[in-house]
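Remarks on the structure that follows.
The values are calculated or read from the model by the stated rules, or taken from the named source; none is laboratory data. In this text, all values refer to a predicted model and were calculated from it rather than measured experimentally. Positions of Cβ are backbone-derived with ideal geometry, glycine not excepted, and every protein chain shown enters the neighbour counts. Just so you know, the surface numbers come from the protein's heavy atoms only, side chains and all, with ligands and any DNA or RNA stripped out. Shrake-Rupley method; radii C 1.70, N 1.55, O 1.52, S 1.80 Å.
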Amino acid sequence: MSDKKPVFKPNKEFAKNANIKNMCEYHDLQDKAMEDYEGFWGDAAKEKIDWIEPFTNVLDESHAPFVKWFDGGKLNVSAQCIDRHLDSRKNKAAIIFEGDRGDIQTITYLDLYKHVNRFANLLKEDFHVKKGDRVVIYMPMIPEAAYAMLACARIGAIHSIVFGGFSSEALRDRIEDAEAKVVITADGAFRKEKPYMLKPVVDAALEGKTPVEKVIVVQRNHEDVEWVAGRDYSYNEMIERKSSKCEPEVMDSEDPLFLLYTSGSTGKPKGVQHNSAGYILWAQMTMEWVFDVKENDTYWCTADVGWITGHTYIVYGPLAMGATTVMFEGVITFPDAGRPWSMVENHRINQFYTAPTAIRVLHKMGEHEPAKYDMSSLKVLGTVGEPIDPPAWKWYYEEVGQSRCSIVDTYWQTETGGHVISPLPGATPIKPGCATFPLPGIMAEILDPATGEKVEVGEKGYMCITKPWPAQIRGVWGDEERYVKSYFGDVEKDGKPVYFTGDGAVYDEDGYITITGRTDDVINVSGHRMGTAEVEAAIKKHSNVAEVAVVGKPHPLKGEGIFAYIVLKSDDGIADEVEEVKAINNIIKKEIGNIALCDDMVFVSGLPKTRSGKIMRRILRSIAKNEEVTQDISTLEDPSIVEKIAAMVK
Ligand code: WT7
C-alpha cells in the first residue's frame, strides 16, 4: 500500500491573479536566484525599498557568518512602512483594531503617520531616546504597541518586545541583557471582558538596580496602577502635545532594527538581532508571495506582537507593502469558538494566519462554527509554529477554507526573520502537514550532519540554509561567540559552516520538505519555543529540589506539553507532593510565566545518567510517552533506575 499523501492543487480562479501563478514561475525565480544570487537580491531591493541613498554592494560575506546586505544603502523602516504610502493610500486602513469587548478602531495610513510621529517625538524629546538606544516594549495587543515599534524605528532606537505573558523575572533578565533605558508598557488591557494588568509586572521587574530610567504607560483599561514619581509617565497625557511630524532618522542598511529574545537549547534566552534593510525587504516580499495580499484585501494574523510572527506578519510586513492588517486584543475562543469566524465575516478577511494549536482548539470547541458565518471572503489560510497534524489540516481546509482556499504551511523561525519554506498559494500543489519548498532566493537543504551531503528521499536530516539571506539573524546581542556556535557549529557543507535551524526534516519522493521537529532540547508548546534548560533552571530554584530533567511530551492541543522529572532533597511522601507541585508551579510562574507551567510533574528517586553524569533525556522522553525504552541502558550509571521511573509514570 502506498503511504502517498493526497495533493491539493491551488484554486484555478485564484491562481490566475496570484503574484506567483504556477510552479514554472516559481522555478524561474529560484533558478534566477541560483544563477545570479546577488543580481536576484539586488534587483528585489532596488524595486521594493524606498532608498534614501542607494546601496553600493549587495552581499558582503568576507566575515562570514557575520554578513552585510545592501551596504552603503540608507533608509528608514518606518518611512518604508508609512510615509511612502501617503500619496496613494492616505485614507486606506493600515490597521483595523478589534478589542476584546468588540470595540473597533480603524487607523488609516495618515492616522498611523501621525500617531507614530508623535510617539517618536515623545521618545526623542521627553525621554532622550537616541539612535542605538534599546527600548523594551511590554504591551498588550493594542495599536499603541505597533506605534511604539514604528516610533523606535523612526528614530533609530532598537526595540525589544517582551511577550506580555512573561513574568517579572523574565522581563528583568531581558531588560538587563539589552541594557534598555526606557520601558513602554500599558496599565493592562482586557481579556474575556475583564481587565488584566501589566504595569505591576513592570514595577516588579524594575525593583532594585536597573538600567531603566523611565517608563511610559499607555492607559488602556484605566485601572488604578502605582506611579513612581520621576520614573513613570502617562502616554495619554503627554502624546497630544507632541508634533505629528518627526523626520525619520537616516539609517544604514545594517543598523539594528530590533532584538527579540528566544529560547535556545542551553542557557538563558538569546537576543536575536535583526537589522534594517534585509529584514524589511524579506518581510514585504514574503507578504506578497506567501499571502498574496492584494490592494483591497484585509489580512489577519492572530499572533501576538511579542513573538516574531507578530513583528513580521502583523506589523512590518503588511505595513511595508501597504496592506490592511487586523490586530486583535482578545482571546479567539471568547465569547465562543465562533469569534474568529464572526471577525472574518465582519471585516471581510481575505487572508487568515494562525497556529496549529489554535486550529485544534477551535476545531474541538466548534467543529461546525465556521458554517454559521459568511466565510466567502477567505482566499488564503496560513499556519505557523509547529507541524500541523492531518485532522487539524483537514478541518482547516474543509470547514474554514470550504475546500476552496490554499493553505500555506509556513516554516520559519525567529532567526530567519520571515518565511523560508512555504507553499505559494497560487502555485504549489499542497500536501497536508508539508511545508513544501524553499521560497525563491532561499537555499534551504536537508543535509546529513556527518557528511554535509543532501540526504536521500525518506532519510531524516538537518534543515539547513546554505547561503546567507537578507532577513537572517545578524547576531546574538552581546555574544558573538554564541551566534557562531548556536547556528553555524553543527553542519558543514563543502568545508564551510552553514546555518542550521535546529530542526530535523525529510524529503518525500516529489522533493517536498516535511519538518519533523527540533533535534535539540527545545520544546514547542502551543507554537512557543521553550528551552528545557530554562524550565529546569526555574524549578531548581525551589529549595527542596535536588535534580530535575524536563522533556517534551506530545499533547493533543498544545502540540507538546512540558514533562518534568524531579528528584527532591527530602522525600516526605505523597501528602507533601501536592504542596511541592504548587510551590514549584509558583516558582515557574514567577521566573518565566504561565506559558512554562508543567503539564506533568513526577517525583522520582533518581535520573538516568551516563557514568560521566549526562542525563539521558531520550530515555525520559520515551517514558513520558509511555513508550517501551529501546535505548541501550547498559552504559547508565544505574540501569535499574529506568524501571523505577517507568513504574512511577504509569
Ligand atoms: C520553531 C521556531 C516562526 C514563527 C513562530 C515560531 C517550529 C515553525 C513551523 C512549521 C513545523 C515549525 C520549528 C522552528 N516551526 N513553523 N510550519 N512546521 N515546525 O517561531 O519561536 O522562533 O520557533 O518553530 O521547530 O524551529 P520560533
Counted residues in the stretch 319-334 being without any contact (Cβ under 8 Å) to a residue 40 or more places away in the chain and either farther than 19 Å from residue 104 by Cβ or not hydrophobic (A, V, I, L, M, F, W, C) (or both) come to 2
Here the qualifying pairs (Cβ atoms under 7 Å; residues six or more apart or on different chains; first in the stretch 414-426 and more than 8 Å from the ligand (Cβ to nearest atom); second among the small types (Gly, Ala, Ser) and assigned to a loop (DSSP other than H, G, I, E, B)) come out as 417/471; 418/471; 425/18; 426/18
Checking 550, 578 in turn, the sole residue that is on the phi < 0 side of the Ramachandran plot, away from the ligand (no atom under 16 Å from the Cβ) and not in a helix (DSSP H, G or I) turns out to be 550
Among residues of the stretch 493-528 being farther than 22 Å from residue 469 by Cβ and in a loop (DSSP other than H, G, I, E, B), the residue nearest to the ligand (Cβ to nearest atom) is 527
Screening 126, 87, 133 for residues that are more than 27 Å from the chain's Cα centre (by Cα) and either touching a residue at least 24 places away in the same chain (Cβ under 8 Å) or within 30 Å of residue 497 (Cα to Cα) (or both) leaves only 126
Within the stretch 91-142, residues being in the same structural domain as residue 180 (by TED's automatic domain parsing), in a loop (DSSP other than H, G, I, E, B) and farther than 17 Å from residue 190 by Cβ number 7
Note on the stretch 191-223: residues closer than 19 Å to residue 304 by Cβ and not in a loop (DSSP other than H, G, I, E, B) are 191, 194, 195, 196, 197, 199, 201, 202, 205, 218
query = If you check residue 322 against the conditions, is it small (Gly, Ala, Ser), open to solvent by less than 10 Å² (accessible area, probe 1.4 Å) and on the phi > 0 side of the Ramachandran plot?
reply = yes
Notebook entry, point to check: Can residue 374 be described as among the acidic types (Asp, Glu), in contact (Cβ under 8 Å) with a residue 24 or more places away in the chain and more than 11 Å from the ligand (Cβ to nearest atom)?
Noted result: yes
Check whether at least one residue in the stretch 280-290 is farther than 29 Å from residue 482 by Cα and either among the hydroxyl-bearing types (Ser, Thr, Tyr) or within 14 Å of the ligand (Cβ to nearest atom) (or both), and report yes or no.
yes
Residue 332 vs (1) farther than 25 Å from residue 16 by Cβ; (2) away from the ligand (no atom under 16 Å from the Cβ); (3) open to solvent by 20 Å² or more (accessible area, probe 1.4 Å); (4) in a helix (DSSP H, G or I): all pass except (4)
task: State yes or no: is residue 206 in contact with a Ser or Thr (Cβ under 9 Å, 6 or more places away or on another chain), in the same structural domain as residue 143 (by TED's automatic domain parsing), at negative phi and of a type in the set (A, V, I, L, M, F, W, C)?
output: yes
Here the residues within the stretch 341-395 that are open to solvent by 60 Å² or more (accessible area, probe 1.4 Å), within 20 Å of residue 503 (Cβ to Cβ) and not in a helix (DSSP H, G or I) are 387
Scanning the stretch 408-422 for residues that are assigned to a strand (DSSP E or B), over 17 Å from residue 19 (Cβ atoms) and open to solvent by less than 10 Å² (accessible area, probe 1.4 Å) gives 421
Within the stretch 291-309, restricting to residues that are open to solvent by less than 10 Å² (accessible area, probe 1.4 Å) and more than 25 Å from residue 428 (Cβ to Cβ), the one that is nearest to the ligand (Cβ to nearest atom) is 306
Of (1) assigned to a helix (DSSP H, G or I); (2) open to solvent by 10 Å² or more (accessible area, probe 1.4 Å); (3) over 26 Å from residue 326 (Cα atoms), residue 170 fails just (2)
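Yes or no, residue by residue, for (1) within 25 Å of residue 220 (Cβ to Cβ); (2) out of contact with any helix residue (DSSP H, G or I) (no Cβ under 6 Å at 6 or more places or on another chain):
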position	(1), (2)
56	no, yes
63	no, yes
70	no, no
74	no, yes
82	yes, no
85	no, no
97	yes, no
103	yes, yes
_For the structure I just gave you, tell me whether residue 425 is modelled with pLDDT under 95 and in a loop (DSSP other than H, G, I, E, B)._
no
Review point. Quick check, is residue 25 open to solvent by 20 Å² or more (accessible area, probe 1.4 Å), without any contact (Cβ under 8 Å) to a residue 24 or more places away in the chain and either among the hydrophobic types (A, V, I, L, M, F, W, C) or in contact with a Leu (Cβ under 9 Å, 6 or more places away or on another chain) (or both)?
Key: no
So residue 533, is it away from the ligand (no atom under 16 Å from the Cβ) and either modelled with pLDDT of 95 or more or not β-branched (Val, Ile, Thr) (or both) | no
Selection from the stretch 34-49 of residues within 20 Å of residue 317 (Cβ to Cβ) and open to solvent by 20 Å² or more (accessible area, probe 1.4 Å) yields 43, 46, 47, 48
Quick count over the stretch 423-446, residues being buried (at least 21 other Cβ atoms within 10 Å of the Cβ), in contact with a Lys or Arg (Cβ under 6 Å, 6 or more places away or on another chain) and under 13 Å from residue 463 (Cβ atoms), is 1
Scanning the stretch 224-243 residue by residue, those in a loop (DSSP other than H, G, I, E, B) and surrounded by 14 or more Cβ atoms within 10 Å (Cβ to Cβ) turn out to be 225, 227, 231, 242
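So that you can scan it fast, the table gives a plain yes or no per residue for (1) more than 30 Å from residue 366 (Cβ to Cβ); (2) among the aliphatic types (A, V, I, L, M); (3) free of Cβ contacts under 8 Å to residues at least 24 places away in the same chain; (4) loosely packed, with under 14 Cβ neighbours inside 10 Å:
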| site | (1), (2), (3), (4) |
| --- | --- |
| 539 | yes, yes, no, no |
| 589 | no, no, no, no |
| 606 | yes, no, no, no |
| 623 | yes, yes, no, no |
| 627 | yes, no, yes, yes |
| 650 | yes, no, no, yes |
**Message:** Yes or no: the stretch 518-529 includes at least one residue that is on the phi < 0 side of the Ramachandran plot, hydroxyl-bearing (Ser, Thr, Tyr) and modelled with pLDDT of 95 or more.
**Reply:** no
Of 577, 560, the only residue that is under 25 Å from residue 642 (Cα atoms) and crowded, with 19+ Cβ neighbours inside 10 Å is 560
